[in-house]
1. Could the peptides 149-155, 85-91 be put in order, highest first, of the mean number of other beta-carbon atoms found within 10 Å of their residues?
2. Quick one: net charge of Val154's neighbours, Cβ under 14 Å, K/R +1, D/E -1?
3. State, to one decimal in nm², a quarter of the convex hull surface area for the C-alpha atoms of region 64-117, i.e. the direction-averaged projected area.
4. Just for the Cα atoms in region 132-178, what are the lengths along the principal axes, largest first, rounded to whole Å?
Amino acid sequence: MRFSAITLAASVLLLGACGGDKKASTDTAAAPAADASASGAAAAPAAGAAAGGAAPAGGAVAAKPATGATHEVKMYGDDKGYRFEPANFTVKQGDAVKFVMVNGGPHNVAFDPAGIPSGAAAQLNANMPNAASELSSQMLMNPNDGVTVSFAGVPAGTYNYHCTPHLAMNMKGVITVQ
């Protein structure tokens, strides 16, 4: 009898842990509602955001949607090497950067905690939808897969980023936030 109760409790916990979100599209952007309605996909809360727009519990930082321009960065791995184009550029606070995988994947976008302004990590991580780990996006596997990172609510400064699978091949760049 005791074994049955333990097995039942473990099963309930396991099933509860497996009930994750479904991915609505290949672009995991914390995009404005207009973008989601234009594509016909329902917008899912970004990583770090609570459902229903409420503030996250436990002192976590809420994702802040971009309020400015969206800059596109293409991710390549071909006969010219592994690279971001452009790799180094400047954005304004509130802008977003959409990273799009073109070829040579898998690619991701990761920010080095030592290579970003002090106090930026929590907000930047919250602004990275479906983050695979701290300051790192999920892997982009197919051409045209993308991830959009909002730079709303982050301090001005330089943000060093790279593609983890291709860091040894010098696939890195710098975003300057003004």
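1. On the way: 149-155: 22.4, 85-91: 13.9.
So the order, starting with the most tightly packed, is 149-155, 85-91.
2. On the way: positive: Lys64, Lys92; negative: Asp95.
Overall, the nearby charge balance is +1.
3. Numbers: hull surface 18.3 nm².
Computed as one quarter of the Cα hull surface, the answer is 4.6 nm².
4. Per principal axis, max minus min of the Cα coordinates gives 31, 21, 20 Å.
Read-outs throughout are calculated quantities, based only on the coordinates presented, and are distinct from any laboratory measurement. Please read these numbers as outputs of a predicted model, since none were measured by experiment. Cβ coordinates were reconstructed from backbone atoms using ideal geometry, including for glycine residues, and neighbour counts include every protein chain displayed.
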